[in-house]
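Okay, handing you the structure first.
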Amino acid sequence: MKLVTCLHDGKERVGALTESGVVFLPYPDMNTLIETASPAQLRDAARGETVPLADVTLLAPIPRPRQDVICLGMNYVAHAEESARYNNRAFSKEKPISVYFSKRVSEAAAPDTGIPSHQGLVERLDYEVELAVILGKTAKNVKPEEAGDYIFGYTIVNDMSARDLQTGHMQWYFGKSLDGFTPMGPCILTADETAFPPALGIYSRINGELRQNSSTSLLIHTIPAILAELTQGMTLLPGTIIATGTPAGVGMGFEPPKFLKPGDVVECEIENIGVLRNSIV
């Protein structure tokens, strides 16, 4: 099942995508749906009346995450290599350990909306297509072999990055958390719709040019390993979003770098989930 948050007649609704449109579901928001709805309840509710997709405006599936988005840095080998080439001091790591950071998200950017370029503050604007994992229940001391039981579904996150802020401050939080820097969508693919761990094609295109082309099967630190490690020391709540890292092909990885500018169109795609498209403004 593919789940969305959308606007209809000025009201925010959650719904299930069908071949003919959207079926609205009886939950006030996506966080509540994730926390309270069973798969059987969702299947029953999705049999309702369909509204044409043209009559709604898609928002981010979780427009207002309850907590910061947890992110993995340099979680594909080729991306770790291109990052170190760009700025070895800022991106190199001595040990093969997972790198975690978070993104502050007041509101996740919707599909087909503008991403602010923050001119005057940002000169090196970059994109990162990522598979985001959404937890469906409270997770603590998760065993790797049980990790799949905690997954509600998956979506696409574009981990927009101000490389000059990221390298200049020698930390990632500020350069990753500016307003509009977390485009998300277009939907949540529920976990029962794909194998676990998911092995899906992952791509990005800038103005139609293919930049990133990889598979989520190539994660260095896998989803079971991530959940097992994080939940040793912290409790993760339903609705937690974990962005699992980006493959090679980001703007800073080219020689010379190919950073974004106003007017550029960024398309992030993951097999079976869809395409998240935004323009730079």
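What does segment 172-232 give for Rg and for Dmax, in Å, if only its C-alpha atoms count?
14.8, 42
Please list, in order along segment 218-232, the HN-Hα scalar couplings obtained from phi with the Karplus expression 6.51 cos²θ - 1.76 cosθ + 1.60 (θ = phi - 60°), rounded to whole Hz, x for Gly and Pro.
9, 4, 5, 9, 6, 4, x, 5, 4, 5, 5, 5, 4, 7, 5
Sticking with this structure for a sec: With no solvent and one equal point scatterer per Cα, compute the Debye intensity ratio I(q)/I(0) for segment 157-281 at 0.12 Å⁻¹ and report its log10, rounded to two decimals.
-0.52
Now for a different question. Using a 7 Å offset from Cα along Cα-Cβ at Glu271, what residues in segment 1-39 end up with backbone N under 19 Å from the label point?
Once the point is set 7 Å along Cα→Cβ of Glu271, 1-2 turn out to lie under 19 Å by backbone N, inside segment 1-39.
Scan around Val56 for amide H atoms under 5 Å from its own, H built in the peptide plane at 1.01 Å from N, and keep only partners 5 or more places away or cross-chain.
Amide H neighbours of Val56: none.
Sequence neighbours fewer than 8 away in the same chain don't count; with that in mind, list the aspartates and glutamates whose C-alpha is under 12 Å from Lys258.
Glu123, Asp126, Glu209
Excluding residues on the same chain fewer than 8 positions from Lys143, give the aspartates and glutamates whose Cα lies under 20 Å from its Cα.
Leaving aside aspartates and glutamates fewer than 8 places away in the same chain, those within reach of Lys143 are Asp192, Glu229.
Report the accessible area of Phe101, computed with a 1.4 Å probe over the heavy atoms of all protein chains in place, in Å² rounded to the nearest 10.
Result for Phe101: roughly 30 Å² accessible.
With the cut-off at 1.5 for a/c, could you classify segment 145-192 from its C-alpha gyration tensor as rounded, prolate or oblate?
Cα axes put segment 145-192 in the oblate bin.
Whole Å is fine, so just give me how far the alpha carbon centre of segment 232-281 lies from that of segment 11-34.
After rounding, the separation between the Cα centres reads 24 Å.
Each residue of segment 114-120 in turn: what ³J(HN,Hα) in whole Hz from Karplus with 6.51, -1.76, 1.60 and θ = phi - 60°, glycine and Pro shown as x?
x, 9, x, 7, 6, 4, x
Still on this model: What residue among Ile188, Met252, Met30 has its Cα farthest toward the positive end of the dipole of the chain, where the charges are +1 on Lys, Arg and -1 on Asp, Glu, each on the Cβ?
The residue sitting farthest along the positive end of the dipole is Met252.
Could I ask something else about it? Over what distance in Å are the Cα centres of segment 162-217 and segment 62-87 separated?
The distance from the Cα centre of segment 162-217 to that of segment 62-87 comes to 8 Å.
Would you mind telling me which residue in Ala195, Ala84, Ala248 has the biggest mean-square fluctuation in a Gaussian network model of the chain, where springs connect alpha carbons within a distance under 10 angstrom?
Ala195
Which residue fluctuates the most in the chain, going by a Gaussian network model with Cα springs under 10 Å, if the choices are Thr182, Thr216, Thr231?
Maximum fluctuation in the GNM of the chain, among the listed residues, is at Thr231.
Pick from Glu35, Glu269, Glu19: which is most flexible by mean-square fluctuation in a GNM of the chain where alpha carbon atoms under 10 Å apart are linked?
Glu19
Scan around Asp112 for amide H atoms under 5 Å from its own, H built in the peptide plane at 1.01 Å from N, and keep only partners 5 or more places away or cross-chain.
Arg277, Asn278
Using only Cα atoms and rounding to the nearest 10 degrees, what angle (0 to 90) does helix 77-86 make with the longest principal axis of the chain?
40
A further question follows. Let me have the 222 nm mean residue ellipticity of the chain computed from DSSP H runs of 4+ only, each contributing -39500 (n - 2.57), with the sum over all residues rounded to the nearest 500.
After summing the helix terms and dividing by residue count, I get -4000 deg cm²/dmol.
The values are calculated or read from the model by the stated rules, or taken from the named source; none is laboratory data. Everything numeric here is computed off the predicted structure, so don't read it as measured data. Ideal geometry is used to build each Cβ from the backbone, glycine not excepted, and the neighbour counts take in all protein chains shown. Ligands, DNA and RNA are stripped out before the accessible areas are found, and what is left, the full protein with its side chains, is counted by its heavy atoms. Shrake-Rupley method; radii C 1.70, N 1.55, O 1.52, S 1.80 Å.
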